[in-house]
Amino acid sequence: MITSTRRVSPDKSEVRIAFSLDDTSDIKDVEDLSQAFPDLEQRLQPVPPCMSLRESVQVYKEHCRMAREFHHVKHEISVLEERKRKLLAELVEDEKVAVEIARLDEEFQRLTEENHTLVTLHSELRQQLERLCLTNRTRQDPS
């Protein structure tokens with residue numbers, strides 16, 4: 001068993017790493033982890049570990065875990081970007097609808113005013129016609 005104690009930075013506590021060259025359980029797992037990560041640039045691909053060093057195997061396994069996490073986060077980002085694109089398209093459509101509603105509201109107000117004006121004019125003309133009819137009748141009735 002090999003034990004190593006290291007301080008990562010002055011403000012952090014010591015980290016103790018222990019490994020044995022005889023224990024091969026982690027090394028067997030490495031064969032399962034040997035996979036390609038197409039999302040990663042070639043220079044960022046996990047490098048196969050030195051099989052005789054357990055710490056190397058642990059670093060490789062951690063690198064693979066981070067690569068899988070990177071893939072997952074990258075996928076989430078693409079899903080969220082697609083959702084954002086759809087929401088922006090909906091927002092543009094909603095803005096068009098709001099403009100159309102405002103236009104229709106203005107048209108409704110204009111037509112309502114025009115209708116009121118026409119109703120008033122109709123009423124005045126009807127009264128004028130009634131007066132003319134009365135005036136005409138009185139002229140025709142010489143009695």
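The values are calculated or read from the model by the stated rules, or taken from the named source; none is laboratory data. Keep in mind that this is a model prediction, so the values were computed, not measured. Methodologically, a virtual Cβ is constructed for each residue, glycine included, from the backbone with ideal geometry; neighbour enumeration extends over all protein chains shown. Surface accessibility is based on the protein's heavy atoms, side chains included, excluding ligands, DNA and RNA. Shrake-Rupley method; radii C 1.70, N 1.55, O 1.52, S 1.80 Å.
Below are the figures for this structure:
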item	result
Summed side-chain charge close to GLU113 - residues other than GLU113 whose Cβ falls under 14 Å, Lys, Arg +1, Asp, Glu -1	-3
Farthest toward positive dipole pole in the range 40-136 [+1 Lys/Arg, -1 Asp/Glu at C-beta], among CYS133, HIS72, ALA102	HIS72
Residue-wise HN-Hα coupling along the range 48-61, computed from phi with Karplus coefficients 6.51, -1.76, 1.60 (Hz; x: Gly, Pro)	x, x, 7, 5, 7, 10, 4, 4, 5, 5, 5, 4, 4, 4
Pairwise Lys count, the range 40-136 - Cα closer than 30 Å, eight or more residues apart or different chains	5
Positive-end extreme of charge dipole, the range 40-136 - chosen from HIS63, LEU111, SER52 (charges on Cβ)	SER52
Solvent-accessible area, 1.4 Å probe, carbon plus sulfur percent, for the range 40-136	62
Per residue, in Å², the accessible surface of the range 40-136 once ligands and nucleic acids are set aside, probe 1.4 Å	84
Cα-centre dipole for the range 40-136 with unit charges at Cβ (Lys and Arg positive, Asp and Glu negative), debye to 20	800
